[in-house]
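Rule-based calculations on the coordinates, nothing more; no lab input. Given the structure is predicted, the values throughout are model-derived calculations rather than measurements. Here the Cβ positions follow ideal geometry from the backbone for every residue, glycine too, while neighbour counts run over all protein chains shown.
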C-alpha cells in the first residue's frame, strides 16, 4: 500500500510541481528522486511529443513505494501542465545549471518531509536526466545523494548519439539512408557554431529534431548538451553508482555507449553496470527488434499494455537495498 501526494515549491519565481509517493507505514523511509529525460518529458516520463500516458516514471514510483522506498518525481519547468506559461520566463536561461538548480530544489523539498530519511536519498535519472543526477553527485550539495542510478546515460557526446538515432530513423523511410550525409552536414555546421540549415529534402521529423537544437527556448542548454557525455563526469563520482543500458534501447547503445563508460569506470569499485537484454530506453520490457521499435510511433514507450522490465526493476531494487543499508523490514 502507498499514498501519492501532489506537491509544489518555488524556484526563481516559478512554481515547480511534482508527486511524492509514500510507502505504507511511519518511516522514516529511504527515498529516490526520479529525473526525467530530455524535452517536454513530464514527471511521469510522458511527453506531448509521444503517444501514450503509461509513463515509466509513475511505474517506478509505484514499484519503489511497494518496496518501502519513498520517491519524488517532478515536472521540469518546461514540462508539465504549466510549461507554456513558464517557457517565456526561461528563454535564454535554460542550461545544464538551470536543470541542476531544479534537481537541487527538488532534493531539498524531499529532504524536509517528516517521513523521509534525509541521509538516505538516491537519484535516478533517465537519459538526459542521468546527466543532471551525475552533476548533482559530483558537486557539493547540502543534501548529498547516498547513491545514483544512471538509466540509459549517453556514453558518447550527444551529437554522436543523435546522429546514430537519426540514421536508424532515416532507415525506416524509403531512400532515407541516402539522406544521412545531409544530416551529418547539418550537424557539422552546428558543431562549427553555424546555423543547422538542414536540407529541405530531409524528412520533416528529422528536420524538426535538428532545428530543435537551435530554438531560442532551448539555448544555451542545447549547445552544452551537444558536446557532453556521461564520461565527462563519471570518473569524478565517489558514491555508489549503478549504470543501466537496455538491450532493446534504440537511443543509447549497449556497446557504443556502454563500452566507453566501462572504460572510464575501470578500477572504480563504486560503479556497477547492468545490461538487461529486454529493456528499452525507458526500461519497459520490449522483445521486438530494434528496427521494429524504431518504426513504431513514439517507439511504443508509453502504450497502455507496456510494463517495466522485470529484470531491470529487480536490479534496481536489489542495488537500492544494498546502497540504502535498509533493514529487513524495508525501512
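Quick notes on this one:
- Cβ crowding within 10 Å ranks 4, 98 as 4, 98, fewest other Cβ atoms first.
- Three-way shape label, region 208-304, alpha-carbon gyration tensor, a/c 1.5: oblate
- Relative contact order %, the chain, counting alpha carbon pairs below 8 Å whose residues are six or more apart: 19
- Using the rule -39500 (n - 2.57) for each DSSP H run of four or more residues, divided by the residues of the chain, the 222 nm mean residue ellipticity is -10500 deg cm²/dmol.
- Once the gyration tensor of the Cα atoms in region 127-242 is diagonalised, the equivalent ellipsoid follows with semi-axes of 32, 15, 11 Å, ordered largest first.
- Computed from label points 7 Å out along Cα-Cβ, the spacing between residue 191 and residue 112 is 4.5 nm.
- Normalised contact order of region 160-217, rounded percent, pairs of Cα under 8 Å and 6 or more residues apart: 28
- Protection-proxy order for peptides 30-42, 100-112, each taking the mean of Cβ atoms within 10 Å per residue, highest first: 30-42, 100-112
- Principal axis extents of the C-alpha atoms in region 160-217 (largest first, rounded to whole Å): 31, 21, 19.
- Spin-label model distance (nm) - residue 178 vs residue 201, 7 Å beyond Cα toward Cβ: 0.7
- Each peptide in 147-155, 298-306 receives the mean, over its residues, of other Cβ atoms within 10 Å, and ordering these scores from highest gives 147-155, 298-306.
- Ratio of Rg to Rh over region 249-306 (Cα coordinates, Kirkwood Rh, two decimals): 1.07
- Note on residue 322 and residue 270: the extension gain reaches 17.5 nm, defined as 0.36 nm multiplied by sequence separation minus the Cα-Cα distance.
- GNM flexibility winner over the chain from 316, 91, 271 (Cα, springs under 10 Å): 91
- Using only Cα coordinates, the Kirkwood hydrodynamic radius of region 227-277 works out to 11.4 Å.
- Hull volume per residue, based on the alpha-carbon atoms of the chain and their convex hull, is 127 Å³.
- The chain - share of DSSP beta bridges that are antiparallel (%, nearest 5): 40
- 10 °C / 1.306 mPa s Stokes-Einstein diffusion coefficient of region 56-115, Kirkwood radius on C-alpha pairs, µm²/s: 120
- Extension gain, residue 263 to residue 227, is 11.1 nm, computed as 0.36 nm per intervening residue step minus the present C-alpha separation.
- Residue 167 versus residue 84: modelled label distance in nm, points set 7 Å from Cα along the beta carbon direction: 3.9
- Spread over its residues, the convex hull of the C-alpha atoms of region 1-126 is 98 Å³ per residue.
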